[in-house]
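The values are calculated or read from the model by the stated rules, or taken from the named source; none is laboratory data. This one's a predicted model, so the numbers in the text were calculated from it and none came from an experiment. For neighbour counting, all protein chains shown are included, and Cβ atoms are generated from backbone atoms with ideal geometry for every residue, glycine included. Remember, those area values only see protein heavy atoms, side chains included, never the ligands or the DNA or RNA. Shrake-Rupley method; radii C 1.70, N 1.55, O 1.52, S 1.80 Å.
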Amino acid sequence: MKTMLQDFIESLPPLEYPLDPEDFSGKIKLYDYQQKALRNAHRLLFYYYQEIKEERSKLWEEYRKRGFREKWTASSEILKEYFRREELTYQTFVNRGSFWMATGSGKTVVIVKLIELLDYLMREDVIPERDILFLTQRDDLILSFKKHVEEYNRGRSRKIILEELSKLNYRKANPQLCDRDNILVFYYRSDLISDRRGDKILDYRYYHSNGGWYLILDEAHKGDNEESKRKQIFMVFTKRGFMFNFSAAFTDTFDRVSTVYRFNLADFVRQGYGKHIAVMKSQTTAFRKKGAEYTEEEKKDVIAKLLLLTGFLRKMRSDGYPSPLAVVLVNTVNTEEADLRLFFRELFLVAERGLEEDTFLRLRDELVSELKEVEFWVEGGGLRESEVEKLCEFTPGDFYRYFFSSAGPSEVEVVYHPENRQELAFKLRGGDRPFALIKIGDVVDWLKSVSEGLVINETFEREDYFLNIDEWDSISLLAGSRSFYEGWDSPRPSVIMFINIGSRDAQKFILQSVGRGVRVKVREHRKRRDLIRCLETLYIFATNRKAVLSVVSETLERESREAGKTKAAEKNTSVKGKREDQLRFYAGEEDFKEAVSFIKNVESDAVLCILTGRDLRAVREVKRTLLDSGGVVHISGRRIFRDPLTLLSKLGDFISAVPSEGGNRSTEDSFP
């Protein structure tokens with residue numbers, strides 16, 4: 001299903017963004033794709049409120065032109081109280097824009113900047129004055145939102161002030177509390193808004209504000225039986241307002257076609273902002289077998305390969321890269337044969353007894369062969385053979401040094417704080433720092449079941465390893481169940497192992513986990529994948545490799561296919577009938593000067609091909625357009641692009657999307 005709204009909005013004449021789209025704080029600057037999300041939001045709001053004056057039939061017609069023919073079939077019990085029966089059609093609810101953005105792509109940064117944009121447009125009378133409401137489904141997401149707002153507010157005279165939605169009516173009854181010098185934003189947990197009152201549960205009837213909200217949703221649909229009811233409530237909240245829906249995985253058809261900006265997992269990885277994705281051929285099948293069907297050696301091999309790969313990646317770590325981390329996600333924790341118990345039982349054997357030399361060499365060679373055959377999802381290709389070959393130099397001493405932070409095998413010591421019942425750290429007697437961490441609901445019962453033979457060190461120095469995992473770079477492995485991984489944010493995961501999490505009903509969790517794992521953090525002066533490919537790859541092990549492959553490949557292939565359709569549609573769009581300013585390429589004055597100077601100083605077109613990743617014909621067409629623009633390149637005054645290469649890349653995309661006057665371009669531009 002195409003992102004019809006984005007197709008339409010990007011076909012309109014561009015508008016100059018009224019604020020600085022890059023600026024967030026001293027620590028955070030927006031990436032190009034985040035800025036594009038804001039520009040599309042601005043263009044949508046201007047079109048809806050200024051150009052069609054909220055006439056929804058005109059926007060609905062654009063969906064119809066693009067082939068949307070579905071009939072309204074959604075539940076309407078709540079809606080019937082606020083809308084006439086004939087109004088219950090998709091046309092009534094086109095006052096929305098979805099943002100389909102990958103986990104880890106920085107949705108919260110975009111949300112805060114969207115609030116800034118809404119405030120500015122209201123003050124400039126571009127859009128009506130309305131209250132702003134932010135809803136999300138979990139406390140940790142609210143905490144993340146608050147932290148981003150706090151970061152945004154630093155050094156600003158006009159700040160964002162947050163207020164719980166439960167205080168709305170108090171605020172309305174006391175207008176003297178209104179602070180025109182700041183931006184008031186209400187917030188709440190979306191799953192605590194219902195059609196009844198309860199402990200912390202708000203009855204929506206007292207908070208819909210006559211349907212006049214600018215409503216921002218962040219992963220606000222949990223997918224339970226209450227989802228249909230909440231969707232209707234959100235529509236009531238925005239009857240006279242506007243809805244902005246952010247998610248990494250839209251399933252609702254209208255959410256998808258009303259996407260005003262898409263930067264999903266496939267886009268995120270393809271454009272170099274996320275790690276490559278490699279699903280390993282090794283399966284953790286030993287954890288699925290029962291009784292005598294498996295051997296201890298089978299399980300030890302599975303665990304050892306995971307540890308070897310993680311240790312090797314940690315040895316390969318270069319300046320500017322986070323310390324690689326293996327994440328083990330299990331289905332069961334406290335049953336007699338729980339996945340977590342089986343995993344750590346085998347881990348303890350490797351830690352305390354070590355690996356026989358023959359076993360170590362065999363597993364290392366198998367891992368080398370497997371890594372050489374790895375094929376990346378989304379963009380294809382694989383690891384550099386020169387990097388994989390370095391694994392052949394990885395020794396048992398390296399293994400214990402880089403994974404266990406120890407000189408060799410030793411007794412496992414448990415580090416436990418009695419007031420922290422959710423995490424356990426493990427270190428070897430020969431080491432002074434923890435190498436592994438468990439994060440589960442309650443570690444006390446779990447510890448009792450596996451404590452035989454372990455040295456338990458009860459400490460009263462609370463470290464909170466999980467909250468500070470990025471700083472505890474000695475921790476090589478983090479294990480737990482599904483719950484801890486939701487809402488967690490770290491660039492460290494390099495390896496993920498799913499144990500008995502592979503059924504189709506776990507699809508969303510698998511995608512979220514992969515989405516969190518693909519975040520890449522490299523040198524400060526670069527924002528995309530850098531130089532060491534093995535460190536910029538997410539390696540996935542799974543009990544049910546076929547199921548995980550199916551989930552990942554179906555999603556990425558569908559997203560890639562949809563992206564391809566959109567690009568093809570853009571390339572095949574006829575120039576006839578377009579306004580003159582739609583055939584212009586906009587660049588700032590400094591952008592233009594720097595780009596012209598850049599191409600004049602590059603010694604040859606062949607070098608430009610290497611730098612831009614384009615063929616010779618495309619490079620020469622970009623040069624001709626830039627140096628003898630004939631009105632195509634429009635100088636707009638303020639800087640738009642980050643650097644000359646970005647401008648050249650965008651100009652190349654622009655040229656390829658517009659057919660040449662003669663139909664086919666010359667084929668004479670090729671390497672001699």
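Can you pull the Rg over Rh of region 345-420, Cα-only, Kirkwood?
1.11
Report Rg(Cα)/(2.2 N^0.38 Å) for region 116-160, keeping two decimals.
Here the Cα radius of gyration is 1.36 times the empirical estimate.
Zone of Glu471 (label point 7 Å along Cα→Cβ, backbone N under 17 Å): which residues in region 487-501?
The answer is 489-492, whose backbone nitrogens lie closer than 17 Å to the label point.
Quick one: pull the percent of accessible area on region 94-225 belonging to carbon and sulfur, 1.4 Å probe, ligands and nucleic acids left out.
Using a 1.4 Å probe with all protein chains present, region 94-225 comes out at 43 percent carbon and sulfur.
Explain nothing, just the number: relative contact order of region 354-439, from Cα pairs under 8 Å at least 6 residues apart, as a whole percent.
About 19 percent, as a whole number.
Leaving out ligands and nucleic acids, note down the accessible area per residue over region 1-88 with a 1.4 angstrom probe, in whole Å².
I get 51 Å² per residue for this part.
Expressed in nm to one decimal, what extension gain is obtained for the pair Arg197 and Ser57 from 0.36 nm per residue of sequence separation less their Cα-Cα distance?
Taking Arg197 through Ser57 to full extension adds about 46.8 nm, to one decimal.
Which shape class applies to region 399-500: rounded if a/c is under 1.5, otherwise prolate when a/b exceeds b/c and oblate if not, where a ≥ b ≥ c are the square roots of the Cα gyration tensor eigenvalues?
rounded
Estimate the FRET efficiency between Lys146 and Asp179 by the formula 1/(1 + (r/R0)^6), using the beta-carbon distance for r and 25 Å for R0, to the nearest 0.05.
In this case the efficiency is close to 0.90.
Say the cut-off is 31 Å between C-alpha atoms; which of Lys172/Lys229; Lys146/Lys439; Lys65/Lys147; Lys27/Lys315; Lys146/Lys315; Lys36/Lys600 go over it?
Lys65/Lys147; Lys146/Lys315
Loop only by DSSP, 12 or fewer other Cβ within 10 Å of the Cβ. Give me the chymotrypsin sites (Phe, Trp or Tyr not before Pro) in region 348-390 that pass, ordered by residue number.
none
Compute the Kirkwood hydrodynamic radius of region 16-131, taking the inverse of the mean of 1/r over all pairs of distinct Cα atoms, and give it in Å to one decimal.
Its Kirkwood hydrodynamic radius stands at 16.4 Å.
I want the local charge near Arg401. Using Cβ-Cβ distances under 11 Å, sum +1 for each Lys or Arg and -1 for each Asp or Glu among the other residues.
+1
Count neighbours as other Cβ atoms within 10 Å of each site's Cβ, and list the trypsin sites (Lys or Arg not before Pro) in region 1-108 that are DSSP loop with at most 10 such neighbours.
When the trypsin sites (Lys or Arg not before Pro) of region 1-108 are filtered for loop state and at most 10 Cβ neighbours within 10 Å, Lys27, Lys53, Arg69, Lys71, Arg84 remain.
Does region 5-263 come out rounded, prolate or oblate, given a ≥ b ≥ c as the square roots of the eigenvalues of its C-alpha gyration tensor, rounded meaning a/c under 1.5 and, failing that, prolate meaning a/b above b/c?
Rounded.
So, in nm, how far is label Thr253 from label Thr73 when the simple model puts each one 7 Å beyond its Cα toward the Cβ?
0.6 nm
What whole-number distance in Å separates the alpha-carbon centres of region 297-340 and region 49-66?
So the separation of the two Cα centres works out to 52 Å.
Probe of 1.4 angstrom, ligands and nucleic acids ignored: what's the accessible area per residue over region 332-435, in square angstrom?
47 Å²
With a Förster radius of 60 Å, plug the Cβ-Cβ distance of Lys80 and Glu352 into 1/(1 + (r/R0)^6) and report the FRET value to the nearest 0.05.
Efficiency at R0 = 60 Å is approximately 0.35.
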